[in-house]
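In what follows, a structure is listed as structure tokens, so that the remarks can point back to it.
Every number here is computed from the coordinates shown, using simple stated rules; none is lab data. All figures in this text were calculated on a predicted structure; none of them were measured in a lab. Quick reminder, even Gly has a Cβ in these numbers, built from the backbone with ideal geometry, and neighbours come from all protein chains shown.
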Amino acid sequence: MGFSTIAIHAGNEPDIATGAVSVPIYQTSTYAQDALGKHKGYEYARTQNPTRAALEKNIAALENAKFGYAFASGMSAIDAVLKLVKAGEHVILGDNTYGGTYRLFNRILSNYGVEFDLADTTDAANLESAFRPNTKMVFVETPTNPVMTVTDLQAVSDLAHGRGATVVCDNTFMSPYFQQPINFGVDIVVHSTTKYLNGHSDSVGGFVALNDETDAEWIKFVQNGIGAILSPFDSFLVLRGTKTLAVRMEAHDKNGRIVANFLAEHPGVKKVYYPGLVSHPQHELAKRQQTGFGGMVAFETGSLDNAKKVLEGVKLCTLGESLGGVESLISHPATMTHASVPAETREKLGITDGLVRISVGIEDVEDIIEDLDQALS
Ligand code: P1T
């Protein structure tokens, strides 16, 4: 079956009780039991909820995974995956990830004995030297937030599996429409569903998709045991969002390419970070691994002053955190999404004070270009 057919139908069977075509929001905290130990498969809503179960089936299918679990946020999904790692074990973390992911390792997990090192995962040799005897996991984002570097998922998976490590990929920027990491050997896929999967900037959520049954049992145990579950209403919203994922991603991609090319030629822009540009150092890899380039574009304005002029000069694009919604959002990674990354690491990665990030929406692209043009001038 094709992607859109799966997106529209997986998990979306008509409601057994009423025939409702749209999965109802089962807004309940508990379920009546027929007799002691006799129930319909639902005992308590932290443990099971039919709306959440429908979404879990849906996104797992889109990621080509057997199992899927929906969480209260992208961060809680990532945290649940890190519960596969014990004190004294080691994780290799891609050196550019969402700032909150870095903060989770650096400020929280480190307090519980989880060891980690940053590595430039775009370079296999570099990655190889980061392995330690106790390395349990390699965690990458591709393309990365915000400088859009691309990691070769098959190469990383081959290397990590040779060392007995699990590979996790944050697929938030591509969504399963443009990239299915499991097809390249990745073991676990995580998402912030807050972004493209929901797509309308009106819900915060996260997802874990995987094939290994033992790890899946543990993730499910953590989901219930810690309780950072996605609510029935948010599950409904994301389930509604994924039905149009294909058409939205096509539109984001079309606009993203046009905006990236416009910026690349603009005299006020020093550098553009977008894997769809032939000038991107990993353009060929991106073409191989992704079926599109998406709507995330970052660009260098040269200084904080220039960045401020753009960020405060836009009229259509909204200055704000987050991404992946239908509306164009513009942000300043150094002081917003990546403020928790040390200044010298930011500088090394290209997350300068002059860097601006746009989540290109699906408005008429001429209007987005006109807005950026007037802000840049
Ligand atoms: O915000 P939350 O749903 O908890 O997701 C965290 C997260 C995880 N992974 C990636 C790649 C992300 O970009 C994010 C959240 N990012 C932003 C809020 C942002 O503006 O970049």
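Of Y273, Y177, the sequence from fewest to most neighbouring Cβ atoms within 10 angstrom is Y273, Y177. Shown for the chain is the translational diffusion coefficient from the Stokes-Einstein equation, using the Kirkwood radius over Cα pairs, a temperature of 10 °C and a viscosity of 1.306 mPa s: 75 µm²/s. Once the dipole of the chain is set up with Lys and Arg at +1 and Asp and Glu at -1 on Cβ about the Cα centre, which of T244, S175, S203 lies farthest towards its positive end? The residue sitting most towards the positive pole is S203.
Projecting the Cα positions of M296, G68, N145 onto the charge dipole of the chain (unit charges on Cβ atoms of Lys, Arg, Asp and Glu, taken about the Cα centre) puts G68 furthest along the positive direction.
Under a 5 Å amide H cut-off, with hydrogens placed 1.01 Å from N, M137 pairs with H90, I92, T166 among residues at least 5 apart or on other chains. Helical content alone sets the calculated 222 nm signal of the chain at -10500 deg cm²/dmol, taking -39,500 (n - 2.57) per DSSP H segment of four or more residues and averaging over every residue. Here the range 45-87 is treated with +1 on each Lys and Arg Cβ and -1 on each Asp and Glu Cβ, and its dipole about the Cα centre works out to around 160 debye. Scalar couplings 3J(HN,Hα) for the range 341-347, obtained by applying the Karplus form with A = 6.51, B = -1.76, C = 1.60 to θ = phi - 60°, are 8, x, 3, 5, 5, 4, 4 Hz; x denotes Gly and Pro.
Backbone amide hydrogens, once placed in the peptide plane, bring L319 within less than 5 Å of I330, excluding anything fewer than 5 places away on its chain. When each of T318, T352 is scored by the number of other beta-carbon atoms lying within 10 Å, the sequence from fewest to most is T318, T352. Pull out a ≥ b ≥ c, the square roots of the eigenvalues of the alpha-carbon gyration tensor of the range 157-263, then state rounded if a/c is under 1.5, prolate if not and a/b is larger than b/c, and oblate in the remaining case. Verdict is oblate for the range 157-263. Entry note, the range 68-215: relative contact order of 29 percent, from Cα contacts under 8 Å with a spacing of 6+ residues.
Averaging Cα coordinates gives a centre for the range 12-29 and one for the range 59-129; these two points are 34 Å apart.
Roughly how tilted is helix 304-313, in degrees to the nearest 10 and between 0 and 90, from the longest Cα axis of the chain? Orientation of helix 304-313: about 70 degrees from the principal axis.
Potential lengthening of the chain between A17 and D305 amounts to 97.7 nm, from the contour at 0.36 nm per residue minus the alpha-carbon distance. Counting every other Cβ atom within 10 Å of each residue's Cβ, R257, R357, R288 order from fewest to most as R288, R257, R357. Against the chain, whose longest principal axis is taken from its Cα atoms, helix 153-162 shows a tilt of about 60°. Placing +1 on the Cβ of every Lys and Arg and -1 on the Cβ of every Asp and Glu, with no other charges, gives the range 289-352 a dipole of roughly 60 debye about its Cα centre.
Rounded to the nearest 10 degrees, the angle from helix 365-376 to the longest Cα principal axis of the chain is 50 degrees.
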